[in-house]
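Enquirer: Let me give you the structure first, and then I'll get to my questions.
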Amino acid sequence: MKVIIAEKPDQGMTLASIFRTKKRDGYIEILPNELFPKGAYMTWAVGHLFELASPEKYEASWKRWTLDTLPIIPNRFQYEIDRKKAKQFQTIKQLLHKPEVTEIIHAGDAGREGELIIRNIIYMSGVKKPIKRLWISSLTPKAIEQGFRQLLDEKQTRPLYEEAYARTCADWLVGMNASRVYTILLKQKGMNDVFSVGRVQTPTLALIVRREKEIEQFQSKPFWEVIATFDVNGKQYEGKWWHENETRIHDQQLAEKVIAFCRKKQVEVDEVTYEQKTFLPPLLFNLSTLQATANKRFKYSPQKTLDILQKLYQKGYVSYPRSDSQYVTKGEAETFPYILKQLEQKEEYASYFPLVHESILHNKRYVNEKKVTDHYAIIPTEQVPDLMKLSRDERNIYDLVVRRLIAAHCAEAVVGYTSIVTVVDGRARFISKGKEQIQAGWRTVMIVKEEDDVQPLPNIKKGEKGTVYDVYGKEGKTQPPKRYTEGELITLMKTAGKFLDDEQLEKVLAKTEGLGTEATRASIITTLKQRQYIEIKNNQVYATDKGKALIEAVGPHLLASPEMTAKWEQRLSEIGEAKASAAVFMEQVKKLAGKIVTDAVQMANHWSFEGLDTASIQRKKKTTIGKTIGSCKFCGGSVVDKGTFYGCANYAKTKCSFTISKTMLGKSISQANIKKLLTEGKTNVIKGFKKGESTFNAALMWDEKEQRLSFLFEK
């Protein structure tokens, strides 16, 4: 028999769904079938079951946060079980050790983290049995069956495990040492808080803080533009005064002189240029481009987009979500006509058919085997859902993925650009720019929002003459750089801190190793929020004083360098491709950990936090809001701490009205007592309830018959 280990319970259930099965505790028994003549056991992890051991597990002295214990560098890294997940590990371990089990099928997500999660479980179980690898990019029944028929040898994907393990250990070394040294030194400066520092999160934060400084230091300056309306043979159009390729005038008196000079003057058209530009349909989505698009369109955070996409993947509607490729192989391209035929039946997409291109099989813009890494682009699968059965969020994300695929089969968009130079009285030159859509092409599908309001210009020819119909001045002020949105931040992380135009971006996105990976960028932004380094307001990213203080302390160190981190990602990718040594990389990281500590200590005396409210940077008390206390007495859902009361988590879905106030008759009701009430039916005796002028002691009891709380008085 074989044991199949999936990464998550719902993934395991989906993988097993194509077989006849029996549900067991912590696993599913797959009954004998063509693929598994003797049957199989399907079990699962719950994400990471193991985590790297805390410092004190190596040496007791490493528990205290002191400078003399740094740098912390273990001789050999150790793992420890997540206590909450120990039961599931024991289930997996028992299955792996069964005598009848002769082979293990690693069925984690087809990526680095999937490799790490499942292999750690196998190694920590102490069993040595042959391993095969299930490697699929969608969870449709067809893909699952095909994947089980074409299992890989585990050696083919082992380098990805080595990459993931090296990344985890490197991040532990840098994070543990940097976080401790900066926390200790900043505490000496009066900031009594924990400062988390990381190989990816800190350079990302540095980008945000740098933009914040640019905004704070920006000095707005006034400017004026002179705008004239010309009448040339009955055709009117506007132009801006133009000198040395500049339309802005920084001297108000000069602007007024230009206006006075131009009034009622004769004009002549000096230049007319026209060109057409062709815009190819966009590439298919990878995770970063989808996160950026969803943030711009729906204001979804990158993490929310990933969560929604994961749900769609687990339902079998889209391909693997954490892909960093925007290309597909011929195999996927061959399925597109069938997928599109199904989409054509949907009312939402019917108007876009028939498509200009029935197939893009031979279009290298989309079909390029060399540019497909671990996974191909994010595409809809042949399992097209009933859109009305999806949640609104799922429908929004699915719609974006579908429209990208349809757009790839559409014609190019063609836009015509006109530029006219008009000369007033032989001296003052004005520039007019216009554009018109010649062919909408794919843009009708993608609903492209125009960033400007430039209109077509009338048909004007060089040499035509007319008059200045009107002229006026328009005052403006130079604007500071805009704060990043979360979507822009994802793109910025992808390109290692460089903003690129669309053409440049397309060239580098498929090969650039930036800050983090497709799978981790959203979680990095979430971590920066949780650490209170950044705040999100109206989809704009703000750096807090705590975030500014940390970057001020780190300064120009390598820790804050996007380029350094990008080089690390490149080296880690080479490890995953079996082109570089993990051992050599880790030796370099150990040296860096020591340098981080030494550099921080040396620079601490030169830190300046002028302009920052460092006194307010204090450790926040842990909140219990959102913590699950027990099971609801009405519906069986989870009762959670909601701040001023305990209530059922199902309220938003079912309007379940179960609530218990945190304060009754002048007494605070603790979480421990509510937990006891929900599990045993009554609390401990609580002393000091007040009723009028008197006080009394009693336990709270749940009356099952009356379905309400009552007092149980002391005898």
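Enquirer: G666 versus (1) within 30 Å of Q530 (Cα to Cα); (2) touching a Lys or Arg at 6+ places or on another chain (Cβ under 7 Å); (3) small (G, A, S): which is the lone unmet condition?
Expert: Unmet condition: (1).
Enquirer: Name the single residue, out of those in region 338-361 being among the aliphatic types (A, V, I, L, M) and assigned to a loop (DSSP other than H, G, I, E, B), that is farthest from A413 (Cα to Cα).
Expert: Among residues in region 338-361 that are among the aliphatic types (A, V, I, L, M) and assigned to a loop (DSSP other than H, G, I, E, B), the one farthest from A413 (Cα to Cα) is L361.
Enquirer: Please go through region 536-550 and pick out each residue that is within 16 Å of K482 (Cβ to Cβ) and in contact with a helix residue (DSSP H, G or I) (Cβ under 9 Å, 6 or more places away or on another chain).
Expert: I536, N539, Q540, V541, Y542, A543
Enquirer: Which numbered condition trips up P337, out of (1) over 30 Å from R112 (Cβ atoms); (2) crowded, with 20+ Cβ neighbours inside 10 Å?
Expert: Here P337 meets the rest and fails (2).
Enquirer: Please go through region 660-685 and pick out each residue that is in contact with a helix residue (DSSP H, G or I) (Cβ under 9 Å, 6 or more places away or on another chain), modelled with pLDDT of 85 or more and of a type in the set (K, R).
Expert: Listed by number, the list holds a single entry, K682.
Enquirer: To continue, here is another question. Among the residues of region 639-658, is there at least one that is surrounded by 15 or more Cβ atoms within 10 Å (Cβ to Cβ), modelled with pLDDT under 80 and in a helix (DSSP H, G or I)?
Expert: yes
Enquirer: Hey, another quick one. When you check I18 against the structure, is it within 33 Å of the chain's Cα centre (by Cα) and of a type in the set (V, I, T), yes or no?
Expert: Yes; evaluated as a whole, the condition is true for this residue.
Enquirer: Still on this structure: If H106 passes every condition in (1) more than 19 Å from G126 (Cα to Cα); (2) touching a strand residue (DSSP E or B) at 6+ places or on another chain (Cβ under 6 Å) but one, which one does it miss?
Expert: Answer for H106: the failing condition is (1).
Enquirer: Under the condition of being assigned to a helix (DSSP H, G or I) and closer than 21 Å to W442 by Cβ, which residue from region 292-328 is most open to solvent (accessible area, probe 1.4 Å)?
Expert: K296
Enquirer: Same structure again: Looking at Q253 and the list (1) of a type outside the set (F, W, Y); (2) open to solvent by 100 Å² or more (accessible area, probe 1.4 Å); (3) in contact with a Phe, Trp or Tyr (Cβ under 7 Å, 6 or more places away or on another chain), which single condition is not satisfied?
Expert: Status for Q253: all satisfied but (3).
Enquirer: Residue by residue through region 1-25, note down the ones that are assigned to a helix (DSSP H, G or I) and open to solvent by 40 Å² or more (accessible area, probe 1.4 Å).
Expert: P9, D10, M13, listed by residue number.
To keep it simple, each residue is scored yes or no on (1) out of contact with any Lys or Arg (no Cβ under 7 Å at 6 or more places or on another chain); (2) more than 24 Å from Y161 (Cβ to Cβ); (3) of a type in the set (A, V, I, L, M, F, W, C).
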position	(1), (2), (3)
E7	yes, no, no
A60	yes, yes, yes
L67	yes, yes, yes
E80	no, no, no
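Enquirer: Further, regarding this structure: Condition first: in contact with a Gly (Cβ under 9 Å, 6 or more places away or on another chain) and open to solvent by 60 Å² or more (accessible area, probe 1.4 Å). Can you find one or more residues in region 61-72 that meet it?
Expert: no
Enquirer: Can you pull out the residues in region 606-615 that are modelled with pLDDT of 90 or more and in a helix (DSSP H, G or I)?
Expert: H606 - this is the single residue of region 606-615 that is modelled with pLDDT of 90 or more and in a helix (DSSP H, G or I).
Enquirer: Here is a follow-up. Test R531 against the stated conditions and say whether it is out of contact with any Asp or Glu (no Cβ under 9 Å at 6 or more places or on another chain), open to solvent by 30 Å² or more (accessible area, probe 1.4 Å), closer than 30 Å to Q671 by Cβ and among the basic types (K, R).
Expert: Judged against the criteria, R531 is a match.
Enquirer: In region 79-112, which residues are open to solvent by less than 10 Å² (accessible area, probe 1.4 Å) and either part of a helix (DSSP H, G or I) or free of Cβ contacts under 8 Å to residues at least 24 places away in the same chain (or both)?
Expert: I92, L95, L96
Enquirer: Restricting attention to region 244-291, which residues are out of contact with any helix residue (DSSP H, G or I) (no Cβ under 8 Å at 6 or more places or on another chain), closer than 26 Å to H357 by Cβ and not in a loop (DSSP other than H, G, I, E, B)?
Expert: Those that are out of contact with any helix residue (DSSP H, G or I) (no Cβ under 8 Å at 6 or more places or on another chain), closer than 26 Å to H357 by Cβ and not in a loop (DSSP other than H, G, I, E, B): E275, Q276, K277, T278.
The values are calculated or read from the model by the stated rules, or taken from the named source; none is laboratory data. Quick caveat, the model's predicted, so the values are computed rather than measured. Counting neighbours? That spans all protein chains shown, and the Cβs are built from the backbone with ideal geometry, glycine included. The area values use the complete protein model at the heavy-atom level, side chains included, leaving out ligands, DNA and RNA. Shrake-Rupley method; radii C 1.70, N 1.55, O 1.52, S 1.80 Å.
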